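Heads up, the thing below is written out as structure tokens.
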Amino acid sequence: MEKFDVRGQRLAALFLLGVLLFSYPVLAAFNVQATLAGIPVLYAYFFIAWGALIALMALVIERKA
Amino acid sequence: MLETWVVIVTSFAYLGLLFAIAYYADARADAGRSLIASPYIYSLSLAVYATAWTFYGSVGRAAENGVGFLPIYIGPTLMIALWWVVMRKIVRISKQNRITSLADFIASRYGKSALLGGVVTVIAVIGILPYISVQLKAVSASFTTVLQYPELLSAPRHGDVPLVRDTAFWVALILAAFTILFGTRHLDAAEHHEGMVAAIAFESVVKLVAFLAVGAWVSWGLYNGFGDIFARAAADPALRPMLAPLGGAGGDYSSWIWLTILSMLAIMFLPRQFQVTVVENKDEKHLSKAIWLFPLYMLAINVFVLPIAFGGLLHFPRGADADAYVLTLPMSQKQELLALVVFIGGLSAATGMVIVETIALSTMVCNDLVMPVLLRLPGLRLNERRDLTRLLLAIRRGAIVLVLLLGYLYFRLAGEAYALVAIGLISFAAVAQFAPAALGGIFWKGGTRRGALAGLCAGFAVWFYTLLLPAFARSEWLPIGFLQHGPWGIELLKPQALFGVAGLDPTTHAMVWSMLANVGAFVAVSLTWAPGAAEHRQASLFVDVFKRPALPAGASLWRGTAAAPELYDLLSRFVGAPAAEEAFEDYARLRGLELPIARLPADADLVHFVETQLAGVIGAASARIMVASVVKEEAPSLQEVRAMLDEASQIIVYSHRLEQKSQELERATRELRAANERLTEIDRMKDEFVSTVSHELRTPLTSIRAFSEILHDHPGLPEPERARFLGIITKETERLTRLINQILDLSRLESGRVEWRESLVDLREVIRDTLAANSQLFKERDARLEAKLPERVPKVRADLDRIVQVIVNLLSNAAKFVEPGRGRVEVTLVTEDGFVRVDVRDNGPGVAPRDRRVIFDKFRQGGDPLTGKPQGSGLGLHISRHIVEHFGGRIWVSSGASDGADGGACFSFTLPVASGRALERAA
């Protein structure tokens with residue numbers, strides 16, 4: 001393995017970010033009866049956070065090292 | 001349009017299309033122009049993860065509790081972020097060791113243990129049965145539903161239907177036949193199924209398009225967009241709580257977290273995921289693009305789950321089968337074409353899963369369960385059979401049929417009582433049991449065969465007891481009292497509230513206990529019993545796969561004797577003569593050796609080559625047995641293996657040390673260079689010093705000589721003139737003497753040859769005495785001298801004479817620079833935090849700011865050298881600085897105009913107050 005695997009470390013950091021985004025305290029904050037552009041906040045949050053995470057992963061992978 | 005014959009013809013046409021794609025891809029692969037060598041195809045093939053469970057079950061789950069379907073896809077997304085570290089390693093290991101299944105992987109890691117491979121296979125087959133039954137259930141239910149069009153009835157209970165009229169049974173048989181055609185047409189040494197992968201990728205596109213189509217239609221055809229659906233749901237009091245379901249209908253957060261973890265493990269260790277991700281991987285680089293493409297696919301296929309679920313809940317009366325909403329919604333609106341597309345989408349989701357899963361399982365059953373047993377049975381004399389390829393294919397085909405029929409059996413026995421997702425989760429929990437042995441195996445060298453066996457068995461037993469048995473009990477195949485009161489009425493052993501742990505949902509409960517048992521047994525047993533030699537070697541090969549790419553896997557750790565023709569015979573029996581010949585030719589070409597085969601050196605390299613080739617066909621454990629049968633092998637002792645591994649690590653240590661040494665060398669070179677620069681600088685300063693000193697000495701000498709010559713040449717000079725000249729000569733001589741004294745003094749100071757006579761000095765007295773002794777100096781220039789001395793000052797530790805020298809120097813400087821008649825010099829003594837400060841303030845011309853620093857250097861004087869030089873050697877202040885700094889003080893000059901008087905300079909120096917101990921010592 002490369003001595004300093006930047007990509008691996010960035011992805012591991014994204015993993016930790018994902019764990020944070022999709023676990024207890026953060027989810028509870030969005031678990032409310034309200035809507036965002038007609039969509040319940042919790043559902044909107046899930047898909048936005050999920051999409052953002054994937055976008056970041058794509059960025060890390062596709063960026064020229 | 002939904003007549004029975006249309007549906008059946010369409011279904012078979014679709015399967016035929018799949019077959020055509022697979023056939024085409026295989027043909028392309030044989031021609032060397034692979035169709036699937038693309039990261040996009042690879043990512044799509046990973047999407048075999050989305051099965052009928054996703055296609056039908058997600059909506060059902062969402063209709064039940066809102067977000068409960070999401071952890072199944074968010075978990076993998078998180079896990080994939082770690083694939084760069086974890087999966088890349090697994091793929092690399094598998095490629096190096098020609099690993100063809102998960103069982104093979106785990107068995108290889110723990111010393112090519114046939115027993116372990118068998119255990120993994122059994123767990124995988126039993127664990128996956130519920131999952132396969134989900135697919136059968138979904139396909140048969142969707143088929144029945146479509147056939148009943150325009151009626152919208154849910155499928156009848158299968159327990160009441162005779163076997164020959166049960167759709168699920170026929171579905172199982174058709175899928176078995178299809179899979180056999182697909183996956184076992186020929187035997188490939190690398191277990192690559194290019195045609196299958198191409199077909200799976202196509203199926204992934206079909207199911208995604210079908211689901212997006214029905215999702216878009218529900219959202220914008222049936223309703224007016226997302227907002228409309230959610231607004232109506234919010235208006236319904238029964239549905240309103242499901243818009244923020246966590247902690248309520250959506251389950252608590254702990255089950256959310258456990259579901260996420262479960263899916264994280266499932267994406268790695270489901271046999272079919274291992275198959276497409278690892279075994280079918282053509283190029284490690286494809287993995288990196290899949291890291292974001294595959295999660296994107298999962299996101300896309302989930303976008304419409306919630307709108308469809310709420311659309312169905314709003315549209316149908318309560319109690320309708322939510323797992324079927326995807327199909328029944330378009331049917332209820334007479335959207336026949338859409339319903340057919342959905343049916344095909346569901347079919348592709350289910351078939352994709354069944355094909356890959358059963359191929360993966362059949363490989364495992366054949367290589368890790370049946371073959372090791374058959375090869376060991378002496379009565380069969382398999383070792384002597386010429387061609388075993390037919391036998392291998394037959395075993396695999398049998399395994400496929402068996403797995404599907406067992407899946408069907410599970411469906412009949414236990415499949416009715418649960419929704420699709422709940423059945424699938426049972427399988428997820430089963431494959432999660434592989435995680436400790438597999439992940440522990442690639443990161444922890446200490447894991448042993450016994451530990452892995454213990455962990456797997458313990459975890460599987462707990463899973464069996466807490467998830468599988470209750471599933472049977474629920475379906476009335478076991479007494480329900482077993483669930484409610486525990487076996488024999490022992491409440492503590494209730495399968496879904498083990499040891500009194502109640503209140504968790506069944507999956508979470510099973511996961512907590514099985515993981516505890518699994519990891520605990522794995523670690524404890526691994527640490528208790530030492531591993532054998534083979535395990536030691538394999539552990540090192542697996543864990544350090546990235547560190548030792550040059551080491552030909554295992555080859556250097558082998559000793560024995562063999563004959564090349566025997567090895568060739570062995571290989572050809574399993575892969576067929578042409579393939580074996582080709583393999584040997586490749587081997588010889590790569591190493592620059594010459595055929596014929598009989599002349600090849602049968603060394604460790606060749607034996608290893610044949611073994612990995614065989615491993616590709618029959619698994620590592622069986623390959624080991626077969627090779628051992630033709631090779632006289634001396635297994636290296638544990639000590640030898642250790643010694644070899646130690647040697648390797650020794651070399652690593654040496655290279656580390658070498659690196660360190662070279663760094664040290666670089667550092668030393670840098671230091672030397674710096675020292676050299678310093679020396680050059682000092683040398684330059686010395687030259688400068690010598691030239692300055694000679695210049696300073698020549699000035700008085702020149703005037704002495706000039707006046708002496710005048711006196712000598714003109715004996716008749718008048719007396720007053722003569723006296724004046726003699727006076728000048730005397731003065732210049734004095735100046736010369738002073739200069740030489742100072743130079744000598746300075747050289748002693750700088751070389752450290754001064755004898756310091758330290759004592760406790762009272763600066764007050766020193767100043768008073770010095771002022772008295774030098775008052776004549778000021779009287780000559782008619783300057784006023786004042787002293788402001790406090791009553792008491794602390795003593796300092798210094799050399800009395802030297803301090804006097806400093807004060808005299810400062811006073812004589814002050815006297816020199818003040819204007820005659822108007823001069824005023826003031827000496828003050830101040831005590832401030834640990835120091836005593838002496839200020840000598842005058843009202844002379846002062847020192848220009850730019851000179852304040854340099855006047856303390858040798859031969860530097862203030863003022864403009866062009867407009868004449870003041871008297872003095874330029875050494876006094878430099879010497880003073882030496883003295884003050886020797887005693888830990890500081891000397892500097894500032895503007896003397898602090899009291900508003902006109903200009904002037906203020907020379908100050910400090911000396912540290914003597915410490916208590918110094919006082920005692922002096923006393």
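Brief remarks on what is shown
- Distant-in-sequence amide contacts of B:R797, defined by a placed amide H-H separation under 5 Å and a gap of 5 or more residues or a different chain, comprise B:V761, B:A914.
- Annotation for B:V9 and B:L516: the two label points, set 7 Å from Cα along the Cα-Cβ direction, are 6.0 nm apart.
- Taking chain A and dividing mean pair separation by its residue count, relative contact order in percent (alpha carbons under 8 Å, at least six apart): 37 percent
- For chain B, the spread of Cα positions along each principal axis, largest first, Å: 155, 84, 58
- Separation in nanometres of the label points that stand 7 Å from Cα toward Cβ, at B:S38 and B:D236: 4.2 nm
- Base-10 log of normalised Debye intensity for chain A (one unit scatterer per alpha-carbon) at q = 0.18, 0.21 Å⁻¹: -0.72, -0.86
- Note on chain A: helix-only mean residue ellipticity at 222 nm, from DSSP H runs of 4+ residues weighted -39500 (n - 2.57) and normalised by residue number, equals -22500 deg cm²/dmol.
- Using alpha-carbon coordinates, inclination of helix B:800-817 to the longest axis of chain B, degrees: 70 degrees
- Taking every residue in A:8-16 and counting other chain Cβ atoms within 10 Å of its Cβ, the average works out to 5.
- Annotation: the antiparallel percentage among DSSP beta bridges lying fully within the protein assembly as shown is about 85.
- Under 19 Å from the A:V19 label point (7 Å along Cα→beta-carbon), backbone N, the range B:79-103: B:79-88
- Extension gain, B:A502 to B:H695, is 59.3 nm, computed as 0.36 nm per intervening residue step minus the present C-alpha separation.
- Inter-chain Cβ neighbour count for A:24-32, averaged per residue, equals 4 (cutoff 10 Å, partner chain atoms only).
- Degrees, to the nearest 10: B:719-751 long Cα axis against longest axis of chain B: 30 degrees
- For peptides B:731-741, B:568-578, sequence by mean Cβ density within 10 Å, most packed first: B:568-578, B:731-741
- Whole-number percent relative contact order across chain B, with pairs defined as alpha carbons under 8 Å at least 6 apart: 14 percent
- Our helix-only sum for chain B, with -39,500 (n - 2.57) per DSSP H run of n ≥ 4 divided by its residues, gives a mean residue ellipticity at 222 nm of -21000 deg cm²/dmol.
- Karplus-derived HN-Hα couplings along the range B:283-294 (A = 6.51, B = -1.76, C = 1.60, θ = phi - 60°), whole Hz, x at Gly and Pro: 7, 4, 5, 4, 4, 5, 5, 4, 4, 10, 5, 5
- Compared with the dominant principal axis of the Cα atoms in chain B, helix B:434-443 is inclined by about 30°.
- Ordering of B:608-615, A:30-37 by burial proxy (mean other Cβ atoms within 10 Å per residue, highest first): B:608-615, A:30-37
- The HN-Hα couplings worked out from phi for the range B:316-321 by the Karplus form 6.51 cos²θ - 1.76 cosθ + 1.60 (θ = phi - 60°) are 9, x, 4, x, 5, 5 Hz, whole numbers, x standing for Gly and Pro.
- Amide hydrogen proximity for B:R824: with H placed 1.01 Å from N in the peptide plane, the residues at 5 or more positions away or on another chain lying under 5 Å are B:R784, B:N843.
- Of the two radii for the range B:239-327, the radius of gyration is 1.08 times the Kirkwood radius, both from the alpha carbons; that is the Rg over Rh value.
- Cβ-based exposure ranking for B:R764, B:R376, B:R841, in which fewest neighbours within 10 Å come first: B:R376, B:R764, B:R841
- Mean Cβ neighbour count within 10 Å, used as a protection proxy, ranking B:252-258, B:266-272, B:340-346 highest first: B:266-272, B:340-346, B:252-258
- The Stokes-Einstein estimate for the range B:714-773, based on a Kirkwood radius over Cα pairs and taken at 20 °C with 1.002 mPa s viscosity, is a diffusion coefficient of 137 µm²/s.
- Extension gain from B:K731 to B:R748, taking 0.36 nm per residue of separation minus the Cα-Cα distance: 3.6 nm
- With kT/(6 pi eta Rh) evaluated at 10 °C and eta = 1.306 mPa s, and Rh the Kirkwood radius from Cα pairs, the protein assembly as shown diffuses with a coefficient of 44 µm²/s according to Stokes-Einstein.
- Within the range B:279-318, the proportion of C-alpha pairs whose separation exceeds 13 Å stands at 66%.
- Using a simple spin-label model with pseudo-atoms 7 Å out from Cα toward Cβ, B:A394 and A:R7 lie 4.8 nm apart.
- Estimated vicinal HN-Hα couplings, Hz - the range B:537-543 in sequence order (Karplus 6.51, -1.76, 1.60; Gly, Pro = x): 5, 5, 4, 5, 5, 6, 5
Readers should treat all values here as calculations from the given coordinates under stated rules, not as data from a laboratory. Just so it is clear, the model here is predicted, and its values are computed rather than measured. No Cβ is skipped: glycine too gets one built from the backbone with ideal geometry, and neighbour counts run over all protein chains shown.
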